[in-house]
2 protein chains.
Amino acid sequence: MTFKPHGKHLIGGEWIGTDISFSSTPVSGEPIEYCEANDDLIDQAVKSAEAAFWTYGYATRRDRAGFLNKIADEIEKRGSDITAIASAETGLPEARLEGERGRTTGQLRLFARHILDGDYLDRRHDAANPDATPPSPDLKMVQRPIGPVAVFGASNFPLAFSTAGGDTASALAAGCPVVVKGHPAHPGTGEIIAEAIAAAAEKCGIHPGVFSLLQGASHEAGSALVTHQLIKAVGFTGSLAGGKALFDLCARRDEPIPFFGELGSVNPNFLMPDALANRGEDIARGWAGSLSMGVGQFCTNPGIVITLAGPESDRFADAAAKALGDVGPSPMLTEGIAEAFRRGRGNVAGTDGVKTLVKAASEGREGAPALFTVSGKDFLDHPGLSHEVFGPLGIVVMAANAQEMRAIAERLEGQLTCTLHLDDDDIEFAQSLVPLLERKAGRLLANGFATGVAVADAMVHGGPYPASTNFGATSVGSLAIRRFLRPVCYQSMPSALLPEDLRHIG
Amino acid sequence: MTFKPHGKHLIGGEWIGTDISFSSTPVSGEPIEYCEANDDLIDQAVKSAEAAFWTYGYATRRDRAGFLNKIADEIEKRGSDITAIASAETGLPEARLEGERGRTTGQLRLFARHILDGDYLDRRHDAANPDATPPSPDLKMVQRPIGPVAVFGASNFPLAFSTAGGDTASALAAGCPVVVKGHPAHPGTGEIIAEAIAAAAEKCGIHPGVFSLLQGASHEAGSALVTHQLIKAVGFTGSLAGGKALFDLCARRDEPIPFFGELGSVNPNFLMPDALANRGEDIARGWAGSLSMGVGQFCTNPGIVITLAGPESDRFADAAAKALGDVGPSPMLTEGIAEAFRRGRGNVAGTDGVKTLVKAASEGREGAPALFTVSGKDFLDHPGLSHEVFGPLGIVVMAANAQEMRAIAERLEGQLTCTLHLDDDDIEFAQSLVPLLERKAGRLLANGFATGVAVADAMVHGGPYPASTNFGATSVGSLAIRRFLRPVCYQSMPSALLPEDLRHIG
């Protein structure tokens, strides 16, 4: 590995150090010190973003697309260094990190194409009609960028949901400068990605305030960032507790701003009777694979399966237990996450009516799969069982009958995803569930697993609270750009005063 | 007038009375008693809306469009009764109310056409690609209705922003049942409009829970409505204080929901030097007309003009003063509004550096135009002068130079509209202001006045806080429907389980 982090913040194109620091301990090797952000530096970063907005917010779509593509190029150039430091920091395997890097650059290039296409501008024109009663004026509308955006890196995707991840890519695509508060679990990865973005900005001749990275392990830095009066929106992927605290701060500002938080989800899977009978054990093995992949550290991890009680669902649970029993412990993203996982697992195991099928010992930073079963009635009686335990923990809920399965669907909190496993003869059964599930989740799947969120135009990664704090938005896919736009209408405005994108309309 | 209000609530198709009541005092005639909503009835109305959602939320666009058009028909049928009671309640002239009725039915019909067109569904399809790395699944996306919506009627538009106004029309168009908390300043108008909606629902065979009207003069009813767990969003037009209180309640719910509030705005007008020199007095007369129309009770009332100090701006102020001096007192919407107007006027008059040009006596429910001038420096030094005074109150701000004019633009709070008055040679001057103003307002106008908000596809009636609580949204125009939609993605879903609108895609 040739990249050696210096531990500084990137602020308006300059690397700046601070006296206070925090330690980052890689999976193997010595701890590295990183500077901790303070109020002055946060103010400097946000003011630099505001300064950049006056040019970047008015740059052509071609120039912004060029910048996004250049960021992707600069990330690829640093590919092996990125994989090395990210793997050391997160414990994630190299192949996974290479895939995630491809996802990250793919996402940047998708947004470059998306803004060149221009449909996202939602341009509208109502021509003047002097003969109408009352006479109607010439109106032109376009979606404009909102100003500086704060982004919080996620622990579980050091690349695709962090420094140059989907929130940053969509905000930059919209025309909004970004200030990232990096996740303290992978500050070195943040640093090398920030270096790539700064290099791209310089090569494209873009104001360096367009991107800043603040390192920090304290809550104070995040709070100061979201309450800065020049920040106009926040993109966040993380825990319910942390996200809700920041959401509250955003709502209580003198000028409230939108907080786009993607928080927790248990991503329930519903097994229809025929699918269970025909291929229950296959589904169980697929589920075990999805549940334990990446030590279960995905927002879309399928934590709960709801099935009808009976010998077939017992076989399903046994097959899942067998598959999970073969998976050993692996390092989780941080020791704190591993501890929270064991705590959550203990809470589930200790709940009345819960039967433990798999619960392997693990310690320190490692986590190992766990599997439980519970009756539909006990599940309904203990709402705590439907809360997310971040990690490879599965619960098979054995509903007494179809009615109880629907009651469970009705009682669900908001989810990122809900999945149906069904065969042809299950359609009617599924039809009674789909309307219930559609109100609970941003994405409904048939016969698959929700891990692996395709970056595409039709993707929705969001959903009713607490899956996200804005059910109208998504943080993955091209629709994510809409979070950082606002409609502006120009009435009877001379062409010379219109934004570039409206000049040739009408 | 043949319509006699009975004063009851409309809940799920039934007219229901309550013991507690409040008085509504028309401009002339005897007070009428209206029932006051309570928690039980609010719960009943919302549960009825939720029950209706399971059919109405899945009705075809054709059926919903038919319902919207039928509501318009039923309103037109009651045209003269509506005008009579609205005029008695609000003191607004009959011609204005007839125009507003046309606007209201026009709005319902616009949304009917808009949903039939279907572009608002933003349907997206990414076909499966098994050869991609990783293989990508079939994804289909559509915008779906969010569930029951609460709407608050506005005092100043008893028809177009109230019971069957833009919020109700856009929510019903989206597929969301609506519970209206009627404004206590015009409960009889609310009642007859609710009667029209109920008749339309019955004739179209739509679940009666699709629309309820709760009467009430207390804050408690509004609070109980927005905190009901089955309400998924709120549409509101009204005061900053009232709106902010409800916004806070929505943000603090166990499940936070979006509050789409259209609150206060002073709608500044900037006079460019050539326009001032060439036709300052014409603009002054136009401004005076817009400012005093409807006793200044418009959200888009142009309360502030910013111009460059000098003999030409003195002549501008004199011409405005002369035009406003000819306008006598008129009844305002309520006595409370008239009192608040006089209080606000007193605050402005008593601010250091403010010179009074027009300040006619008025009492009780009447209000008369007021006009003041102030230097740019004093305006900047007294932020209170930039707060909305609801009513016919104008301030001419005399900026020392172009730089001070830009400083005033920079310091503005969020606005619904900003207006430029300019001639050909003012373009360059205006170009230095437009980027500043674009960040402050949802609509920018040239050479016109913002009163009279066209209902059109390209209209934006919204803006940064405090003009609205969601800068990404509008409450007028077809884009208003987006507030009540959420994207849902269906992955590899059999056609029989897709919503109607996605079945024939791909």
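Residues of the range B:247-268 that lose at least 30 Å² of accessible area (1.4 Å probe, protein heavy atoms only) when the other protein chains are present, relative to their chain alone, are B:247, B:251, B:252, B:255, B:256. Across chain B, Cα-Cα pairs farther apart than 39 Å form 28% of the total. By the equivalent-ellipsoid construction on the alpha carbon gyration tensor, the range B:365-494 comes out with semi-axes of 34, 19, 15 Å, ordered largest to smallest. Database remark: amide H of residue B:304 closer than 5 angstrom to the amide H of B:269, B:395 (H placed geometrically; neighbours at sequence offset of 5 or more, or on other chains; Pro and chain starts carry no H). Name the residues of the range A:473-502 whose accessible area falls by at least 50 Å² when all protein chains are present instead of the chain alone, probe 1.4 Å? Listed in order, they are A:479, A:482, A:486, A:487, A:489, A:491, A:493, A:497.
Over the protein assembly as shown, with every protein chain in place, what whole percent of the accessible area is carbon and sulfur at 1.4 Å, could you tell me?
Numbers: 17390 of 35010 Å².
Here carbon and sulfur together make up 50 percent of the probe-accessible area.
In this structure, the pairs whose alpha-carbon distance is over 31 Å, taken from A:232/B:359; A:355/B:232; B:70/B:232; A:47/A:203; A:77/B:440; A:140/B:203, are A:232/B:359; A:355/B:232; A:77/B:440; A:140/B:203.
Interface area, chains B and A: about 5900 Å² of buried accessible surface, summed, with a 1.4 Å probe and ligands, DNA and RNA left out. Nearest to the axis that brings chain A onto chain B is this chain A residue, judged by its Cβ, with the distance in whole Å: A:251, 2.
Amide H contacts for residue A:375 (H built 1.01 Å from N in the peptide plane; partners 5 or more residues away or on another chain; cut-off under 5 Å): A:398.
The shape of the range B:30-83 comes out oblate: with a ≥ b ≥ c from the C-alpha gyration tensor, a/c is at least 1.5 while a/b does not beat b/c. The other copies place their residue B:254 label points at 3.6 nm from this one, listed shortest first, where each point is 7 Å from Cα along Cα→Cβ.
From the alpha carbon centroid of the range A:207-257 to that of the range A:295-334 is 35 Å. Apply the a/c threshold of 1.5 to the C-alpha gyration tensor of the protein assembly as shown and tell me whether it is rounded, prolate or oblate. It is oblate, given that a/c is not under 1.5 and a/b is not larger than b/c. Relative to the Cα centre, the charge distribution of the range B:198-327, modelled as +1 at Lys and Arg Cβ and -1 at Asp and Glu Cβ, gives a dipole magnitude of about 300 debye.
Amide H contacts of residue A:367: A:330, A:332, each under 5 Å away and 5 or more positions distant or on a separate chain (H built 1.01 Å from N in the peptide plane; Pro and chain starts excluded).
Computed from backbone phi with θ = phi - 60° and the Karplus coefficients 6.51, -1.76 and 1.60, the 3J(HN,Hα) list for the range B:230-237 is 8, 7, 10, 6, 10, x, 8, 10 Hz; x is used for glycine and proline. In degrees, nearest 10, range 0 to 90: what is the angle between the Cα axis of helix A:94-117 and the longest Cα principal axis of chain A? It is inclined by approximately 40 degrees. DSSP beta bridges confined to chain B are antiparallel in about 40 percent of cases. With its label point put 7 Å out from Cα toward Cβ, residue B:501 sits 2.2 nm from the same residue's point in the other copies, in order from shortest.
Our Cα-only numbers for the range A:285-346 put the radius of gyration and Dmax at 13.0, 39 Å.
In the context of the full set of protein chains, residues of chain A present 35 Å² of accessible surface per residue (probe radius 1.4 Å, heavy atoms only). The dipole here belongs to the range B:294-347: it is taken about the Cα centre, uses +1 on the Cβ of Lys and Arg and -1 on the Cβ of Asp and Glu, and is about 120 debye. Value of Rg to Rh for the range A:280-422, rounded to two decimals, is 0.94; Kirkwood radius and Rg both from alpha-carbon coordinates.
What is the angle, in °, between the Cα long axis of helix A:79-90 and the longest principal axis of the Cα atoms in chain A? Nearest 10 is fine, range 0 to 90. Taking the Cα atoms of chain A, the angle to A:79-90 is about 50 degrees. A point 7 Å from Cα along Cα→Cβ stands in for residue B:343, and the other copies hold the same point at 4.9 nm, listed in rising order. Once you reduce the range A:1-60 and the range B:345-359 to the center of their Cα atoms, the two points are 50 Å from each other. Taking Cα atoms only, the orientation of helix B:427-438 departs from the longest principal axis of chain B by about 50 degrees.
Semi-axes of the equivalent ellipsoid for the range A:137-235, computed as √(5λ) from the eigenvalues of its C-alpha gyration tensor and ordered from largest down, come to 25, 17, 12 Å.
The values are calculated or read from the model by the stated rules, or taken from the named source; none is laboratory data. Not measured: the values here are computed from a predicted model. Every residue, glycine as well, gets a Cβ built from its backbone with ideal geometry; the counts of neighbours run over all protein chains shown. Accessible surface is based on the protein model in full, side chains and every heavy atom, while ligands, DNA and RNA are left aside. Shrake-Rupley method; radii C 1.70, N 1.55, O 1.52, S 1.80 Å.
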